[in-house]
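Here is the structure we will look at.
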Amino acid sequence: MLKSDITTKDLQEKREKYVSKAVSNGNLNIASQASGSTITDKDGKEWIDFAGAIGVLNVGHSHPKVTEAVKEQVDKFLHPGFNVMMYEGYIQLAEKLCNVTPGDFDKQAILLNSGAEAVENAVKLARRYTNRPAVVSFNRGFHGRTNLTMGMTSKVKPYKFGFGPFAPETYQAPFPYMYEKPDHLSDDDYVNQKIEEFKDFFLSTVAPEMVSCVVMEPIQGEGGFNIVPKKFIQYVSDFCKQHGIVFVADEIQTGMGRTGKLFATEHFDIAPDLMTVSKSLAAGLPLSAVVGKTEILDAANPGELGGTFAGNPVACAAALAVFDVIEEENLLQKSETVGDKIESKLTELSHKHECIGDIRRLGSMVAVELVDHPESKQPNPEKTGAITKYANENGLLLLSAGLKGNVLRFLAPLNITDEELNKGFDILEQAFSN
Ligand SMILES: Cc1ncc(COP(=O)(O)O)c(C=O)c1O
């Protein structure tokens, strides 16, 4: 049982003693209760949440509809194990995912626990379906912390350093980064150049007929909210079709309404062969999915995929409630409105602070890239660190991202109230001026 009389200081000391430092903490206080976009700590202090447990809380903390669905399920049963005896939630959720993901083709889904596990299973399916070994991801991409997904991930420190060797046959292709576009090139010329580099990659690095799948985040999350240009993703999607490669959209961070559409790929008029979904899918309970073409999902045989806890019924009940909340509260529309407000605030701040080099967003997936000066574009991870530190000591949960650690990212719940947003903005403003 949890002890209610234990102090914050005691818990901080025990954390130091008993929990590995390898798991980092952005905020050193102890959460006690959370609702909407506000967390209250053990000492009664309130924290506005612009982090949403790294993109997990698109419907907010402890949404009443979600907790009600969870309680109802907890009272029935916790886990018969889908491989042992089926239950309704898993099947209903698979149907829902097949119906709401892009693509006018027959679909199936499998449920798992974490994002990395979904990516691993998408790769397994693609390999079985194509009978090819290689996996292509992209520079600046992030796909998880398991051995295979580490190999598919770009940022060496802290995600990969000293944790190898990695799985063979993983390759990272070039990816556009519009902020790094040389001034003498137009946007279109730059994207064309990246497309040429992508084509060359299949001459210099791996032959297309060896590649089972290309896995892409439509907006690179850990990579700094780098939005893929439409022409590039469409080219990659067509290239995959042409070469019999499975195109996988990793929508683990971009999905579930974050970008103003249920899934980010909808912005680019493409339908991936497979999609990975997790994070906000079950509003905080561990759940992920691979959903896509039936012919690919069907390529594996009984017993080859799954897992002890995969598709836990309590998490499925939460996920079904999340889909209802997104619809009933018009969260796709709100995603756009909230994102617009955050962008306006950042634009206002950019008039006062020369360190703001770039503001980018799709829906309410918003980021600001910090530099020494907008002209030099030199990354400024020190200022980024100082801002997140100030925020996390003064009432605002705020995250950084980016290969060079110089991006602030905003993943607030989509139904954040104006009052919460403005409180957060006040602290953000102080953090920039500090
Ligand atoms: C795009 C993407 N893929 C995969 C993952 C890995 O998810 P998990 O941490 O649940 O394994 C993440 C997590 O941040 C992610 O953002």
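The values are calculated or read from the model by the stated rules, or taken from the named source; none is laboratory data. On a predicted model such as this, the values are computed, not experimentally measured, just so you know. Note: ideal-geometry Cβ built from the backbone for every residue, glycine included; neighbour counts use all protein chains shown. The area values use the complete protein model at the heavy-atom level, side chains included, leaving out ligands, DNA and RNA. Shrake-Rupley method; radii C 1.70, N 1.55, O 1.52, S 1.80 Å.
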(request) Place the peptides 107-119, 292-304, 227-239, 8-20 in order of packing, highest mean first, counting for every residue the other Cβ atoms within 10 Å and averaging per peptide. (result) 107-119, 227-239, 292-304, 8-20
(request) Can you check what the net charge comes to around Arg15, using other residues whose Cβ is under 12 Å from the Cβ of Arg15 (Lys, Arg +1; Asp, Glu -1)? (result) +1
(message) So, for the chain, what is the accessible surface per residue at a probe of 1.4 Å, expressed in square angstrom?
(response) 45 Å²
(request) Report the extension gain between Thr8 and Asn422 in nm, rounded to one decimal, defined as 0.36 nm multiplied by the number of residues separating them, less their alpha carbon distance. (result) 146.3 nm
(message) What does the charge count around Leu287 come to, taking other residues whose C-beta lies under 11 Å from its C-beta (Lys +1, Arg +1, Asp -1, Glu -1)?
(response) 0
(message) Can you give the FRET efficiency to the nearest 0.05 for Phe309 and Glu95, using r as the Cβ-Cβ distance and R₀ = 22 Å?
(response) 0.55
(request) State which entries of Lys14/Lys345; Lys9/Lys423; Lys155/Lys199; Lys71/Lys345; Lys352/Lys423 exceed 29 angstrom in Cα-Cα distance in the structure shown. (result) Lys14/Lys345; Lys71/Lys345
(request) Per residue of the range 32-45, in order, report the coupling 6.51 cos²θ - 1.76 cosθ + 1.60 (Karplus, θ = phi - 60°) as ³J(HN,Hα) in whole Hz, putting x for Gly and Pro. (result) 10, 7, 8, 8, x, 10, 10, 10, 9, 8, 4, 9, x, 7
(message) Taking R0 as 25 Å, what FRET efficiency do you get between Val156 and Asn25 from their Cβ-Cβ distance, rounded to the nearest 0.05?
(response) 0.70
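What does the helix-only formula give at 222 nm for the chain: each DSSP H stretch with n ≥ 4 adding -39500 (n - 2.57), the total divided by the residues, and the result rounded to the nearest 500 deg cm²/dmol?
Taken over the chain, the calculation gives -12000 deg cm²/dmol.
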(request) Quick one: net charge around Val366, please, counting Lys, Arg +1 and Asp, Glu -1 for every other residue with C-beta under 15 Å from its C-beta. (result) 0
(request) Just order 59-66, 271-278 by mean Cβ neighbour count inside 10 Å, highest at the front, would you? (result) 271-278, 59-66
(message) Report for the range 238-349 the percent antiparallel among DSSP-assigned beta bridges with both residues inside it, nearest 5.
(response) 50 percent
(message) Using amide H atoms built in the peptide plane, which far-off residues or other-chain residues are under 5 Å from Gly224 H to H?
(response) Gly402
(message) Give the aspartates and glutamates reachable from Lys3 as a straight Cα distance under 20 Å; neighbours fewer than 8 places away on the same chain don't count.
(response) Glu13, Glu16, Asp41, Asp43
(message) What distance in nm separates the two pseudo spin-label positions at Ser376 and Asp298, each 7 Å out from Cα along the beta-carbon direction?
(response) 6.0 nm
(request) For Lys96, go through the aspartates and glutamates and keep the ones whose alpha-carbon is under 15 Å away, minus same-chain ones fewer than eight residues off. (result) Glu88, Asp104, Asp106, Asp324, Glu327
(request) Give a residue-ordered list of calculated ³J(HN,Hα) values for the range 137-153 (Karplus: 6.51 cos²θ - 1.76 cosθ + 1.60, θ = phi - 60°; whole Hz; x for Gly, Pro). (result) 10, 10, 3, 6, x, 9, 10, x, 10, 7, 4, 5, 6, 4, x, 8, 9
(request) Apply the membrane-span-like helix rule to the chain: whole DSSP H runs, Cα extent along the own long axis of at least 24 Å, mean Kyte-Doolittle hydropathy at least 0.0. List the helices found. (result) none
(message) I'd like the Karplus ³J(HN,Hα) series for the range 291-296: coefficients 6.51, -1.76, 1.60, θ = phi - 60°, whole numbers in Hz, and an x wherever there's a Gly or Pro.
(response) 9, x, 4, 4, 4, 7
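Treating the beta-carbon of each Lys and Arg as +1 and of each Asp and Glu as -1, no other charges, what is the dipole magnitude of the chain about its Cα centre, to the nearest 20 debye?
Charge dipole, the chain, about its Cα centre: 1180 debye, nearest 20.
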(request) Could you sort out which of Lys17/Lys45; Lys76/Lys334; Lys230/Lys341 sit more than 31 Å apart by Cα distance in this structure? (result) Lys76/Lys334
(request) Return the percentage of antiparallel bridges among DSSP beta bridges fully within the chain, rounded to the nearest 5 %. (result) 65 percent
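For the chain, with all protein chains present and a 1.4 Å probe, just round the carbon and sulfur fraction of the accessible area to a whole percent.
51 percent
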(message) List residues of the range 416-430, by number, whose backbone nitrogen lies under 19 Å from a label position 7 Å along Cα→C-beta of Ser35.
(response) 416-424
(request) Using only the alpha-carbon atoms of the range 67-328, report the extent along each of the three principal axes, biggest first, to the nearest angstrom. (result) 62, 40, 38
(request) Return the long-range amide H neighbours of Met152 (sequence gap of 5 or more, or a different chain), with a cut-off of under 5 Å between placed amide H atoms. (result) none
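Once R0 is set to 56 Å, what does the formula 1/(1 + (r/R0)^6) return for the Cβ-Cβ distance between Asp43 and Asn131, expressed as a FRET efficiency to the nearest 0.05?
Efficiency computed from Cβ-Cβ geometry: 0.45.
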